[in-house]
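Each value in this text was obtained by applying a stated rule to the coordinates, not by laboratory testing. All of these numbers come straight from a predicted model, not from anything done at the bench. Backbone-built Cβ (ideal geometry, glycine too); neighbour counts: all protein chains shown.
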Amino acid sequence: MISCTEFIPAYSEGFKFLEQLGGKEEVEKFWSELSDLYLKDSLSKLIKEKGLEGCFEYWSHSLNEEAADFTMTLDTSKREFRIDMHRCPSKGRLLELQYMIPHHSYCDHCEALYRPIVEKAGFTYKSEVDSDKASCSFTIYK
Amino acid sequence: MIREYNPIKTMSRKCSDNKYLHKDFHQTMNLLLDYIHRNFGKEKLIRYLQQFTVAYHKPLHESLRGGDLKALADYFSDLYEKEEWPLTIRQGEDYMEIEQNECPGMHHIKSLGKVPTPLYVETYRAVYTTLCDDTPFEYRLVYFDEKTGACKQLFTKRKEE
């Protein structure tokens, strides 16, 4: 079994494997399918029903379970939701496994998964990533 | 009394504030396995699991190469403890037997109303067979229930030829 606690290295190796088979295009194709299938019943539904409050609800659940180091802010007056990821649990774990080399564009999967959902719901997605430090921030706004 | 409306809501957490256990990753794993199987076939799916095992289980593989079966028992105990899932381990000098009534991954996938990929069994068979390659041990999946993931796995010392 691949435990959910071992998923991140399996995910990263999966990106490498898909890239070996069909280049970066194949990895992006997988991310696009994953965005549709995996987030359909969660983020996609919440953002359509509750807007930015739905984003707060979605990431409250996942980031706590992933034991992330983060600050999340919802400012309804500015119609803006923001996450400052001080230490990403996924990339952080990959950097800790010094005997493994993470997929070169590992961090790109977040934007590939979330941006289409956010834009489909009529919001804008903007992110800044420092993958060497396992940190990033992103903002979703009207 | 006039209550002032605060338009800002925040949440801050440190890594140490929570336990790392995001069970929905089982479904993401399931989707990755299914994607490879659907688009590239069984052989490539197994190749992926072999590649993952060689990369991720390198330290455990080294221990097994050195004949350390206890390292494997410790690995499984720790893994299932983190998953908060029951597992029976029986160990002798030359063997280790693992038995579970249900697979935690398959259980979670089904709890979300999703279906485990038809080759989910390979996350056991392909992974642990590869782990034993070039070690004094061999792996056998004694039985595996495709519906629940209930299974018995056996690691034994190879017989010298």
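Tabulated values for the structure
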| quantity | calculated |
| --- | --- |
| Of all residues in segment A:95-112 being facing chain B (nearest Cβ under 10 Å) and under 16 Å from A:Asp132 (Cβ atoms), the one that is surrounded by the fewest Cβ atoms within 10 Å (Cβ to Cβ) | A:Ile101 |
| Scope segment B:111-126; condition assigned to a loop (DSSP other than H, G, I, E, B) and either within 11 Å of another protein chain (Cβ to nearest Cβ) or more than 16 Å from B:Gln50 (Cβ to Cβ) (or both); matching residues | B:Leu112, B:Gly113, B:Lys114, B:Val115, B:Pro116, B:Thr117, B:Pro118, B:Tyr120, B:Val121 |
| Residue check for B:Ser63: over 21 Å from A:Glu19 (Cβ atoms), more than 9 Å from every other protein chain (Cβ to nearest Cβ), surrounded by fewer than 16 Cβ atoms within 10 Å (Cβ to Cβ) and among the small types (Gly, Ala, Ser) | no |
| Check on A:Ile47, of a type in the set (Val, Ile, Thr) and in contact with a Leu (Cβ under 9 Å, 6 or more places away or on another chain) | no |
| Tabulated pairs, segment A:48-76, first at the interface with chain B (Cβ under 7 Å from one of its Cβ atoms) and over 20 Å from B:Ile8 (Cβ atoms), second in a loop (DSSP other than H, G, I, E, B) and aromatic (Phe, Trp, Tyr), C-beta under 7 angstrom, 6+ apart or interchain | A:Glu66/B:Tyr20; A:Ala67/B:Tyr20 |
| Residue selected from segment B:91-119 under the condition among the hydroxyl-bearing types (Ser, Thr, Tyr) and farther than 13 Å from B:Leu154 by Cβ, by the criterion surrounded by the fewest Cβ atoms within 10 Å (Cβ to Cβ) | B:Ser111 |
| Failed criterion for B:Asn6 (all others in (1) without any contact (Cβ under 8 Å) to a residue 24 or more places away in the chain; (2) within 11 Å of another protein chain (Cβ to nearest Cβ); (3) assigned to a helix (DSSP H, G or I) hold) | (3) |
| Near pairs, Cβ below 6 angstrom, 6+ apart or cross-chain, from segment B:141-161 (outside any strand (DSSP E or B)) to any residue that is surrounded by 11 or more Cβ atoms within 10 Å (Cβ to Cβ) | B:Thr148/B:Glu102; B:Gly149/B:Glu102; B:Gly149/B:Cys103; B:Gly149/B:Met106; B:Ala150/B:Asn101; B:Ala150/B:Glu102; B:Arg158/B:Pro136; B:Arg158/B:Glu138 |
| Selection from segment B:46-55 of residues that are surrounded by fewer than 19 Cβ atoms within 10 Å (Cβ to Cβ) and facing chain A (nearest Cβ under 7 Å) | B:Gln51, B:Ala55 |
| Residue in segment A:80-94 that is within 7 Å of chain B (Cβ to nearest Cβ), under 30 Å from B:Lys9 (Cβ atoms), part of a loop (DSSP other than H, G, I, E, B) and touching a strand residue (DSSP E or B) at 6+ places or on another chain (Cβ under 7 Å) present | no |
| Matching residues in segment B:46-78 - criterion: being without any contact (Cβ under 8 Å) to a residue 24 or more places away in the chain, touching a helix residue (DSSP H, G or I) at 6+ places or on another chain (Cβ under 9 Å) and not charged (D, E, K, R) | B:Tyr48, B:Gln51, B:Ala55, B:Tyr56, B:Pro59, B:Ser63, B:Ala71, B:Tyr75 |
| Boolean, A:Glu33 is part of a helix (DSSP H, G or I) and more than 8 Å from every other protein chain (Cβ to nearest Cβ) | no |
| Complete set of residues in segment B:30-45 that are touching a residue at least 40 places away in the same chain (Cβ under 8 Å), farther than 19 Å from B:Cys103 by Cα and buried (at least 17 other Cβ atoms within 10 Å of the Cβ) | B:His37, B:Leu45 |
